[in-house]
Each structure stands twice: as structure tokens, then as C-alpha cells.
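Any read-out appearing in this document is the output of simple, stated calculations on the displayed coordinates, not a laboratory observation. What you see is a predicted model; the values in this text were computed from it and never measured. Reconstructed Cβ throughout: ideal geometry from the backbone, glycine too, with neighbour counts over all protein chains shown.
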Amino acid sequence: MPHFEPFSALRYTNAQTDLFALSSPPYDVLSADDRAHYGEQSPWNIVHVDCPLDADGPDRYQKAATDIQDWISSKVLTQDPTPSYTLYRMSFRDSTGKDRHTVGVIGALEVVDVGAGGVLPHEQTTPKAKTDRLDLTRATQCNLSPVWGLSLCGGLTQVLLAPGEFMGEMTDEDGVVHRVERVTDSVRIDAIRSAIASAPVVIADGHHRYAISRTYRDEMRAANSPLAPTAGLTMTYVAELVEEQLSIAAIHRLVAAVSPSQMEDILSEFYTRVSDSTLSENTLTLMNSEKAICLVRPDGSTTLFTEKTEKFSEVRALDSARLEHAITTALGSLDAAGISYQHGIHEVLDALKAGNAQCAVLIRPVSLAEIRRTADEGLLMPPKSTFFTPKLRTGLAMRPLAAG
């Protein structure tokens, strides 16, 4: 079972008053404009070290390392005197209009080899350059943003409910309240550690970050580095795999190499055409009620399709898996369709209007039951099957790998 340890976190000294200006969403959801926006909020915003600019050239990772050391020296950042866990609470209104309150905990999760057990992958990963995160870790010797893990431990939420020492709170652009609290009490630390060690943790978000942690761990061990022990764990947010702690959205498919009419033909072989409409806030609700996927064209017109069940007898009951089956059967591969991924219906339509794709297919979110079944059976979902929301902010806690 996984080791999950407290660590002496690096935090913004003035986080209780300036956390909005100092933090940002995760690096992998930021556009160039987003990065510029957050960088303008403060010269000490976390994007300056977590998202080095290509314009800074080959030394951009070393610049990030120098910046973080300068921030420590000038007391912009302060390291906790003792190891702690960080409780991370979010309050928000979900897509159904329901008020939600979630809690998880940030600590250092064991980095295990593929297939070793204890820490399980959730979905297949798409080919993606990993050198950026690896080079940043090598230079800064720091975990800057957490992997997102889901614990199969029943009752973890109850262990995390009691408040810790208040360390900061902020409300983001989407109205989500992010609050962090520090836990240093040894009895409570043992309770959290024991709970998470009692059951596997499933990596929900941050598969690439977890993979580069494995590479970095191996490099430190091969070099007999003094960082080898701390490199054997990586900063991770862990929440219980239960419905009240999760808000799951779908990641939709943009189709660049196939026209809308061609896509209709492909879908019609495997799905039944149900209805035509225009993209709106009601589209996702209608998809759920009809158990349908939705073809979207650049002008916003839509067509709902329901499955011909006999066509998918050997395919898992996931929109992502069944759509992939239909496309690859017709074209031989997803690449032949020019598939890319985008969450949010407004973002999908913006991408279509910008000419980034010829059409798109909206899919439904994966159910909690299917996520748990995937974990229990040791299976993997297709790439980009789930989008966990709201996204954690980067900068609320960081994990130095060298001794403080």
C-alpha cells in the first residue's frame, strides 16, 4: 500500500492576504494569454517559476531555479519549520447548480514502478513531451504543483473534516473558494498517513508529472544523490473516491481531418441519429437524458446520436472508448481523424470558429462507478476520458526536495 508522508512545505509568506495574485491554475491548462495574465498579477506569481517562457531561451529552467531561490532569500517564500500535511478545501457551485464542498490533503506520495501496485494509473496517456517538467524539476529541485490522486480508502473524508491551522484562502475567477490549512499535530498526521496507506491511490490527474517523478527518482538513485530519498516521493493531493468529493466533466473531441458530413457518415455506422439542434447550455443535459453523444459544427448546429448497442458488444460502456472504436474502425486510427481534446462546450465552439478543427464530438462525463470499476479491475480508460474540476491552484504549497 502507498506511503504518504508529510513534508516541510514551501509557502508564500503573505499568502493569507495575497494568495489570488500569487497563485495560478495548473500549467497544463494555461494558454499563452493566461500565462501572461497571471504573470502580470505579481512579479512573484508562481507562473514565473512553474511556466518558464520559451523567450527566455535554453536557460529558462535555470532562471526559474534562480527566481525561487531569490524568493526564499527575500522571504517571499518561507519553508515550514516542521513536516505537515496541507488540507485543501474547495467550495463551488457545480454544473447542475448544486453547492459543493470538497476536502483533500496534500502530502508526499510514494513513487512506484509501473505495475508495482499501491499507486494505480487511471487512463492511458497521450504521447507528450515530458522534458519540460523533468527539466524544471532538475533545475528547481522542487515539486511545484501536485499530482491529483483518488484514495480507495473508505472514510478518508471524515479523517480530513476537522480544521487545521489556517494558511490562506482565495476566490478564483470562476467563483471557486480555495482554502488551505496546515496539520502538524502528530496524532492527526498518523491518522491521515494510516488512512491513505490502507488502500490504493488512483492517479486521476497529473499522469505525466507522476511519470517524470519516476524518471527523476531513478536519476537521483543512479547518481547516489543526497536527494534520492526525497525524490522517492512526489507532491500529491489525495481525496476520497466518493461522489461528494468529485466533480467530473468530460473532455470532448475536436476533429481536424474529417469534415462534418464525413463524421456524420462515420457515426451513422455505429449510432442512430436522434435530433438536430443548436449548441446551448441545455445540450449536455439533453445528452445525459438521451444517453447520446453530440456532433457539433462550426456554425453551432448539433446532431445527437445514440449507440447501436450491437455495434459495441466488445467495447467498454464509455463514450470515449466507443467513439474511439467507431473512428478507428472507419479510419484506422485516431490520428487519421486529427483528434485533439478540449473541455467545455464554449471552448469547443471557440476552437471550431477559430478554424482549429472542422467539427467536434461532445461526450458525457464518466460515472463514479466506472472510475471505481476501472481501479478495482486494474483497467485503463482511453486517453482524456475525465476532466476533474475545479482545478487545484498552483502555489498554495510547494515541496522542496533538498533539506530546508
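General observations
- Highest-fluctuation residue, P43, P52, P260 considered, GNM on the chain with Cα pairs under 10 Å: P43
- Rounded Å value of the spacing that divides the Cα centres of region 49-84 and region 144-163: 27 Å
- Centroid-to-centroid separation of region 216-241 and region 255-311 [C-alpha atoms, Å]: 44 Å
- Non-local Lys pairs in the chain, i.e. 8 or more apart or on different chains, that have alpha carbons under 21 Å apart: 10
- Shape class of region 35-80 from the alpha-carbon gyration tensor: oblate, with a/c at 1.5 or above and b/c at least as large as a/b.
- Gaussian network model of the chain, Cα within-10 Å springs - most flexible of G332, G300, G118: G332
- Between A32 and A336, the simple spin-label model (points 7 angstrom out along Cα→Cβ) gives 3.4 nm.
- Here the simple spin-label model places points 7 Å from the Cα toward Cβ, and for H346 and L368 these points are separated by 2.7 nm.
- Region 119-258: C-alpha gyration tensor shape, a/c 1.5 cut-off, then a/b vs b/c: oblate
- Counting charges near G118 (Lys, Arg +1; Asp, Glu -1) among other residues having Cβ under 15 Å from its Cβ returns a value of -1.
- For region 251-364, the gyration tensor built on C-alpha atoms gives an oblate shape. Its axis ratio a/c (a ≥ b ≥ c) is at least 1.5, and a/b is not larger than b/c.
- Of the chymotrypsin sites (Phe, Trp or Tyr not before Pro) found in region 301-389, not one falls in a DSSP loop while having at most 12 other beta-carbon atoms within 10 Å.
- Which label in (i) 38; (ii) 31; (iii) 45 gives the computed percent of Cα pairs over 32 Å apart: (i)
- Distance between modelled label sites at E314 and D299, nm, 7 Å Cα→Cβ extension: 4.0 nm
- Using alpha-carbon coordinates, inclination of helix 186-197 to the longest axis of the chain, degrees: 30 degrees
- Using C-alpha pairs under 8 Å with a sequence gap of at least 6, the mean separation divided by the residue count of the chain gives a relative contact order of 24 percent.
- Among N143, N356, N45: highest mean-square fluctuation, GNM of the chain, C-alpha pairs under 10 Å: N356
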